[in-house]
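S.K.: Quick one: structure below, then a few questions.
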Amino acid sequence: MQKYGKPSAPLLSHKSHFFDENAALLQRQIGLAALYAEQPRRLRCKACDGPVSEVSFSKLGIDYLVCPRCGHLNGAFEDSDAFCSELYVEAGGAAYARDYSSADREAYRRRTEDIYLPKARFLVDALAAKGEDPNALSYADFGAGSGYFVSALRATGLTDIRGFEVSETQASLANEMAGEAVVRTHALGDTVSLAGEVDAKVVSLIGVLEHLQQPRELLAALKDNEAVSYLYISVPLFSPSVFIEAAFQDVMQRHLSGGHTHLYSESSLDWTCREFGMNRVAEWWFGGDVMDLYRSILVRLSASDKTAGAAELWTGMMKPAIDAMQEALDRRHLSSEVHMLLQFERHG
């Protein structure tokens, strides 16, 4: 089962601050990049654990290395305890949560419906196409954040769902919006042990693998957990957005920055599936690459009185073409994001 493309209008609506607050957002990213650059040098690939040493390019003071074995794009430094704690845990994760929380119940509902409900429906459709009864299965969402995906799963009619999150701020918001305790918190260091013990048929990692210190340990724990049959992932990809950001380093970096210190590629995902015994069941390729190009040029045009007049012309020309252009990239598997439903190979 394969699906390509996704309308950009909802994302443009929810991410308007990317256009309006470029300078402030970029400064925050520069600060995080400086913190990341203080960490120990990375010697092994985040995806396949092979050696990495040759620098491919640099951006915002960070070197990036393409793994010669699996094609994964690695930042040159480790996602250390200090870096991850600063990013996700300090002050209850409040700073990180600002990017993902909603100001009120209506905004939360809109974000759930516009961004997360399509993800949940794709999972339900993929499981049904595989011959499963989605309503008869149990679900565990790791890195549940503010509970958007848990809320979306509940909106499809599923009931046996649990969420796990390290940020107290985000988990509190999730439970407040749900009206019950649907997301529980745990220590950052307990993620792998939880994965090895969780009793759920379907585990979801929506925008989570790229944020983990040791993604391979989590995948190994899930592989060894006989209760888990399916893994539903969403990961950011080494895509044209990377090159757009490298060319426009004075524009807020949406894709390869902050907690996104490394990016998957189709080849590194294939390596991961082979190593951890998973089969690709369903895939949904879509991205924000063309939106990033549109935004980067618009921000630059709007920054100068001499080119400000061109900004409106650029919007009128490009905005209606974003979806068709992006789908052309998606169909070539050049998206900035992919959703995959994977099935563990169980023998005996």
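The values are calculated or read from the model by the stated rules, or taken from the named source; none is laboratory data. Note that the coordinates shown come from a computational prediction; the quantities given were computed from them, not determined experimentally. Quick reminder, even Gly has a Cβ in these numbers, built from the backbone with ideal geometry, and neighbours come from all protein chains shown.
S.K.: Please find, within region 130-169, the residue that is nearest to the chain's Cα centre (by Cα) out of those that are part of a loop (DSSP other than H, G, I, E, B) and of a type in the set (A, V, I, L, M, F, W, C).
M.R.: A144
S.K.: In region 41-80, how many are surrounded by fewer than 19 Cβ atoms within 10 Å (Cβ to Cβ), over 22 Å from the mean Cα position of the chain (by Cα) and within 21 Å of L218 (Cβ to Cβ)?
M.R.: 3
S.K.: Next question. Just checking: which of the helices (runs of 4 or more DSSP H) contained wholly in region 39-111 hold 1 or more residues that are more than 20 Å from S267 (Cβ to Cβ), at pLDDT 85 or above and out of contact with any Phe, Trp or Tyr (no Cβ under 6 Å at 6 or more places or on another chain)?
M.R.: 105-111
S.K.: Taking region 170-204 as the region of interest, how many residues are within 14 Å of G145 (Cβ to Cβ), over 19 Å from the mean Cα position of the chain (by Cα) and either assigned to a helix (DSSP H, G or I) or hydroxyl-bearing (S, T, Y) (or both)?
M.R.: Residues flagged as within 14 Å of G145 (Cβ to Cβ), over 19 Å from the mean Cα position of the chain (by Cα) and either assigned to a helix (DSSP H, G or I) or hydroxyl-bearing (S, T, Y) (or both) within region 170-204 amount to 7.
So that you can scan it fast, the table gives a plain yes or no per residue for (1) modelled with pLDDT under 95; (2) charged (D, E, K, R):
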site	(1), (2)
D250	yes, yes
G259	yes, no
Y264	no, no
E283	no, yes
D289	no, yes
T307	no, no
L342	no, no
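S.K.: Out of (1) over 24 Å from Q249 (Cα atoms); (2) buried (at least 20 other Cβ atoms within 10 Å of the Cβ), the odd one out for I322 is which?
M.R.: Here I322 meets the rest and fails (1).
S.K.: Only one residue in L158, L127 is within 16 Å of H339 (Cβ to Cβ) and either in contact with a Ser or Thr (Cβ under 6 Å, 6 or more places away or on another chain) or crowded, with 16+ Cβ neighbours inside 10 Å (or both), so which one is that?
M.R.: The match here is L127.
Here's the yes/no breakdown for (1) under 30 Å from K201 (Cβ atoms); (2) touching a residue at least 12 places away in the same chain (Cβ under 8 Å); (3) more than 20 Å from the chain's Cα centre (by Cα):
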residue	(1), (2), (3)
D305	no, no, yes
Q326	no, yes, no
D330	yes, yes, no
S336	yes, yes, no
L342	yes, yes, no
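S.K.: Got a number for residues in region 161-184 being under 27 Å from Y264 (Cβ atoms) and surrounded by fewer than 20 Cβ atoms within 10 Å (Cβ to Cβ)?
M.R.: Residues meeting the conditions: 1.
S.K.: Another question, if that's okay. For region 288-299, check the following and say yes or no: at least one residue is of a type in the set (D, E, K, R), part of a helix (DSSP H, G or I) and farther than 30 Å from Q27 by Cβ.
M.R.: no
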